[in-house]
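The values are calculated or read from the model by the stated rules, or taken from the named source; none is laboratory data. Note that the structure is predicted; figures quoted are calculated from it, not measured. Positions of Cβ are generated from backbone atoms using ideal geometry, with glycine treated the same way; all protein chains shown enter the neighbour counts. Surface accessibility is based on the protein's heavy atoms, side chains included, excluding ligands, DNA and RNA. Shrake-Rupley method; radii C 1.70, N 1.55, O 1.52, S 1.80 Å.
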Amino acid sequence: MTTIAVDAMGGDHAPKSEVEGAIRAASSLGVKVILVGQEEVLQRELKCHPAAARLPIEIRNATEVVTMDDSAAKAFRAKKDSSIRVACRLQRDGEADGVVSAGNTGACMATAKMVQGMIRGVDRPALASAFPTLKGTPVVVVDVGANVDSTPDMLAQFAVMGEIYSRLILRNSNPRVGLLSIGEEEHKGNDLTRTATPLIKALPINFIGNVEGRDIYSGIVDVVVCDGFIGNVALKVSEGLVDMITGMLKESLAATVTRKIGYVLSKAAYRDFRKRVDYSEYGGAPLLGVKGVTIICHGRSNANAIKNAIRVAAEFANSRIDERIASEIDSVSSSKVAGK
């Protein structure tokens, strides 16, 4: 049985969302969940769910909690028994196949990198997030915040890792990979994108060239590669836009009796819209490039988001994504050496 360690103390609603999400995952996905955190707190929360006693869920004690205010360095150096660090150790030592956390993103990345280690040939880990598209199939955007400054070589590595994610997890046989820029022409963009373009073109992937911000949602591309600063801005703008549109729709539909009747008639379509743009349906963002599987969730993740993050972690573990990334990065590096 695939085993996933969940940092049960990290999210905004911890440990309630983490415990409920673990129960949903263990009961419907056929996985074992190790809840990592302060034992007494987790025992108390589990007692609110009597059915959990029959599920493959166990608790592993961790005495310290990383807060959203902790710096990544402080979290790693000072809190050696934090829930995220204990969870990463469980994976490193083979007791868990993956880690899920809705905690401090910087601390999660630093801890995963230092405890689990990096894949050879990968300079920095990258966060990959699935965005909804008009065609109904998600697009993978890499990087969405792990690195605020990236090099051309790092963008090429992101392209390889994102292509593997799309191919193995999202079942795209030949993913279309694009480089996010301000225009489709190769001469447009900044020094980073112009230097990265020939590196990505030389990779054994289906690179379609530059894509623009609007193309993220059109469905014409399966993987979008970008600097983590730009990717994080795109992610946060998208979240804000979804919240605004959802709120405006709800307010508008409730404005008059006629609109209320129309809402009742179109309720199924409205629910479908909410589901397509709901971040909780995608679970979380995998941290690509580290050894093992680490899924980082939104801080405000609810139980559904945690459950889906556990599902994604199990899929990554069963597909051995980290091993595939290591193999293909090594192959690309060997080809470069042979070319010289």
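Of note:
- Overall, segment 1-143 carries a charge dipole of about 240 debye about its Cα centre when +1 sits on the Cβ of Lys and Arg and -1 on the Cβ of Asp and Glu, all other atoms neutral.
- Qualifying aspartates and glutamates (Cα of each under 20 Å from Cα of Lys74; at least 8 residues distant if same chain): Asp7, Asp12, Glu64
- Here is how the number arises for the chain: DSSP H runs of 4 or more residues each give -39500 (n - 2.57), the sum is divided by the residue count, and the result at 222 nm is -15000 deg cm²/dmol.
- Rounded to the nearest 10 Å², the accessible area of Tyr217 at probe 1.4 Å: 90
- Exceeding the 31 Å Cα-Cα cut-off - candidates Lys79/Lys291; Lys113/Lys250; Lys32/Lys250; Lys16/Lys135; Lys16/Lys250: Lys113/Lys250; Lys32/Lys250; Lys16/Lys135
- Using the Cβ-Cβ distance between Ala78 and Lys47 with R0 set to 35 Å, the FRET efficiency works out to roughly 0.65.
- In order along segment 129-134, phi translates into HN-Hα couplings of 10, 8, 10, x, 10, 5 Hz, rounded to whole numbers, per the Karplus curve 6.51 cos²θ - 1.76 cosθ + 1.60 with θ = phi - 60° and x for Gly and Pro.
- Pairs of Cα atoms in the chain fall into 20 Å distance bins, from 0 up to the last occupied one, in shares of 31, 55, 14, 0 percent.
- Distances between placed amide hydrogens fall under 5 Å for Gly209 paired with Leu179, all partners being 5 or more residues away or on another chain.
- Listed residues Ala112, Pro132, Leu155: farthest to the positive end of the dipole of the chain (Cβ charges): Pro132
- Hz values of 3J(HN,Hα) by residue in segment 85-93 - Karplus curve (6.51, -1.76, 1.60), Gly and Pro given as x: 5, 5, 4, 5, 5, 4, 6, 4, 8
- Dimensions of segment 1-141 based on its C-alpha atoms, expressed as ranges along the principal axes with the largest first, amount to 46, 45, 29 Å.
- Accessible surface for His187 stands near 130 Å², nearest 10, in the context of the full protein assembly shown (1.4 Å probe).
- Computed about the Cα centre, the dipole magnitude for segment 87-188 is approximately 260 debye when only Lys and Arg (+1) and Asp and Glu (-1) carry charge, each at its Cβ.
- Our coupling estimate for segment 191-206, obtained by passing each phi through the Karplus curve with A = 6.51, B = -1.76, C = 1.60 and θ = phi - 60°, is 4, 4, 5, 5, 6, 6, 4, x, 5, 6, 4, 7, 6, x, 10, 8 Hz, Gly and Pro reported as x.
- Debye log10 I(q)/I(0) at q = 0.22, 0.26, 0.30 Å⁻¹ for segment 115-179, Cα point scatterers: -0.97, -1.23, -1.42
- In this Cβ point-charge picture (+1 for Lys and Arg, -1 for Asp and Glu), the chain has a dipole of about 720 debye about its Cα centre.
- Accessible area, probe 1.4 Å, largest first, for residues Asp215, Asp123, Asp322: Asp123, Asp322, Asp215
- Summed side-chain charge close to Cys48 - residues other than Cys48 whose Cβ falls under 10 Å, Lys, Arg +1, Asp, Glu -1: +1
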